[in-house]
Each structure stands twice: as C-alpha cells, then as structure tokens.
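Q: Below is a structure I'd like to ask you about.
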Amino acid sequence: MKHLVVPHSHDHTETIRSADESSEEGIRAAWIGLAGMMATAAAQVVIVALSGSIALLADTIHNLGHAATTIPLIVAFRMGRWRATRRYTYGYRRAEDLVGLFIGLIILVSAAIIIWESVDALINPRVVTNLWWVFAAGIVGFLGNEIVAVYRIRAGRRIGSAALIAEGQHARADGLTSIAVAVGMVGVWLGFPQADPIVGFLIAIAIIGILVSAMRTVVRRLMDGVDEGLIDDVTAAANETPGVVAVDSVRARWSGHRMSGDIAIQIDSAQTVLQGHRIAEEVEHGVLHAVPNMDSVVVHLHPAVSADEASSLHELSGHHASREAREAYMARQASQRLAPTGD
C-alpha cells in the first residue's frame, strides 16, 4: 500500500534510457492518465446534474481542466522527438517547458471559475440534493485521482519530466479536493448549507497552492536552473576520469525532460590531440552514466600549465567578457607594441 500511494526512489541505472524511450514513456503515461481523469470527470458530471452541488462542480471543472492540459503535453513530447534544424539547432524540446506554462494558465483559470461559482452560490443559495451520491462521488474521485497521480509522478521521475510530475501532483490535489467535497456534503447533511460553497473556496485555495508549486519548477528550468547537487555529481564524474588533472568549469541545463552540458577540464599539456580526444570521450561517457537524463556533454580541453601561463590561454576570447577585461587587453597590446625589439 505504501508503494501504491507514495512514489519511491529508484536506482540510477533504471533511468538510463535514450531520449526516444523516455519520450515514449511520457506519452504513454499522459494517455493513460488522461483516460483515468476523463472517466472520473464523466462520473462527476452526471452526479453534478443530479445534485446541483457547487463543491462537486468545482472539483469537476478542475478535473476537466486538468484533462485538457494533457493533450498539449502529449504534443510537446512528440515535438521533442523532431530533429534539430538550422533554425532550431537544439531541437524542439523546449515545447515541453512552454506547455508547463500553459498548464499553469489553465490551473489559474480553473481557480477563478471556482471562486466565481462559489460567490454566486453564497449570494444565491442553491438546494443540494442526493447528498450521499455526492459523498460517494468524492470518495471515488479521490481514489481515481490518486491512482493517476502515483502513475504520472513515478513516470515523470523516471524520465525527468517536470511537466509530467506537475500533472501528477495536480491529480493528487484533485483527489484531496474530492475528499473536501465529501466533507462539504457532511456539513450540508448536518444542517449547514453554506458548507458546500465554502468548500468550493477551499478547493480554489488548494488549486492556487498547486499552481505555485508546479510553476516553481517549470520557471526554474526555463531559466536554466538545475537541481541541487547535480553540478557536484557531474564534477565528480569528470574528476574520476583517468587523465583529468582538474575540472575548471561545469554547466548544465534542462530542455524539456532531457539535459545537455559543457565541461572545461585540464589535461597534461604533453598529451596528443588523439589522446586528449580520448580523455574527453571518457569524461562524456562517465557523465552520461552519472546523470541519466543527460543527452550530450561538450568537453573543452585546457592544458595543465602554470598560473602565469594559464592567464594567457584565453586572452583572445576573454577580453570580450567585460569592459575591464577589454581595457586590460588593449593596454597589454599597446605595451607590447611600444616594447623595444632589441635590434
């Protein structure tokens, strides 16, 4: 039961898969989740028509809105498999991140509709009937949504998809709000009719909380943020590679549910080009194993030299970094031109 409702961690080797394999799993999880959400929403629509419950209507609207966001996510997964072009040289995987923003907009609209309906219900009270049916629908909604949530979250974690994980968290929130509907019906049964629209407000607050949580990860990835500890893992994998003297810099970023990165390493300056390429290949291979969602790593080689020599290695490109660097570069060039030649 614990493994059914609580997604558990997995071994890294389990997640080492190609981009096509991970996209295929994401699409499958999205379709299966969509089928479960639609079945739950359809049952609730029937009961809403019979009972007139605002709280259940709020939960149903949220479920339908959630289902509507799944189709764009599936399209984004498919776009991520398209080949890169001369215009989109990194491919189309960012579409998944953009869909994440769209999902956030749909969640926000759902919350606004629920608040509007709840206010209207407080001003113009409605008679709620078939209370036990609504209560049963809340329980069924919780179970259906929780199953979808567990499945989507596990699939999202396996492939590293923030959007799919957010969809799973959204489904879990739907399940919790379904329980809230059942609680609202108990309040109505006990003679407190305002309990139903009040629960509608509580559902709206829960949706806004989900929105903030989901968008935090989506926006961080759009801003090229990575998970804590990832750079340390990449650095460690590079340092462990035979022939690497030191790791100078490491960068990585998400694009959809896949990653790319670049590393600058130091190697013995006496190494040949062929030997240096072999070390770079070993570094990339080690990083691909250390970070299962990593698709490619560009490895830049620096010769291991003294500090004085190191300062001149990137003189040409380095003077473009800032005004100070450019002025220092120009000053060095001027002093070299004025220096006596010894003739």
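Q: With a 1.4 Å probe and all protein chains kept in place, how do Thr217, Thr177 rank by accessible area, largest first?
A: Working: Thr217 40, Thr177 5 Å².
The most accessible residue leads, giving Thr217, Thr177.
Q: How would you classify region 172-233 from its alpha-carbon gyration tensor, with a ≥ b ≥ c the square roots of the eigenvalues: rounded for a/c under 1.5, else prolate if a/b is greater than b/c, otherwise oblate?
A: Verdict is prolate for region 172-233.
Q: Right, another one. Send over a whole-number figure in Å² for the accessible area per residue of region 87-202, probe 1.4 Å. Walk me through the numbers before you get to the answer.
A: Working: 5510 Å² over 116 residues.
Roughly 47 Å² per residue, with all protein chains present.
The values are calculated or read from the model by the stated rules, or taken from the named source; none is laboratory data. As the structure is a prediction and not an experimental result, all values here were calculated from the model. Please note that ligands, DNA and RNA were not included when accessible areas were found on the heavy atoms of the full protein model with its side chains. Shrake-Rupley method; radii C 1.70, N 1.55, O 1.52, S 1.80 Å.
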